[in-house]
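Each value in this text was obtained by applying a stated rule to the coordinates, not by laboratory testing. These figures come from a predicted structure and were not determined experimentally. With ideal geometry, Cβ positions are generated from the backbone for all residues, glycine too; neighbour counts draw on all protein chains shown.
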Amino acid sequence: MTYQPVHQCVEYLNQFLRRPNYADVAEKLHIADRLTAARNTLEAVASPGYPQQLAGTLGAEPIENYTGADRKGMMGLTPPHRTPEISPLS
């Protein structure tokens, strides 16, 4: 598994912190805290058990979004496999 985007983020933040002329900006933007968070993320995604932690989460969406009286999904959109209910004209 490759962790290139997270690794690049860690490297970029390291480089930014090494620039003495940006010390005030780095402090204002909390770059050291961001670097710590990026390192923690890299450590988490690089761990052997990370893929197993994702089991059952990717692509999961509560079924309630596709059931109910209005039969509408997230953000009020009708799922593609369902046809919208049409009210009879009064």
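Sequence gap at least 6, Cα distance under 8 Å: using those rules, report the relative contact order of region 4-49 to the nearest whole percent. This gives 45 percent for region 4-49. Put simply, the Cα atoms of region 4-49 extend 40, 16, 12 Å along their principal axes, the longest span coming first. Per-residue Karplus couplings for region 38-46, computed as 6.51 cos²θ - 1.76 cosθ + 1.60 with θ equal to phi - 60°, are listed in order as 5, 5, 5, 5, 4, 4, 5, 6, 8 Hz, Gly and Pro entered as x.
Here 36, 41 are placed in order of increasing Cβ neighbour count within 10 Å, fewest first, which gives 36, 41.
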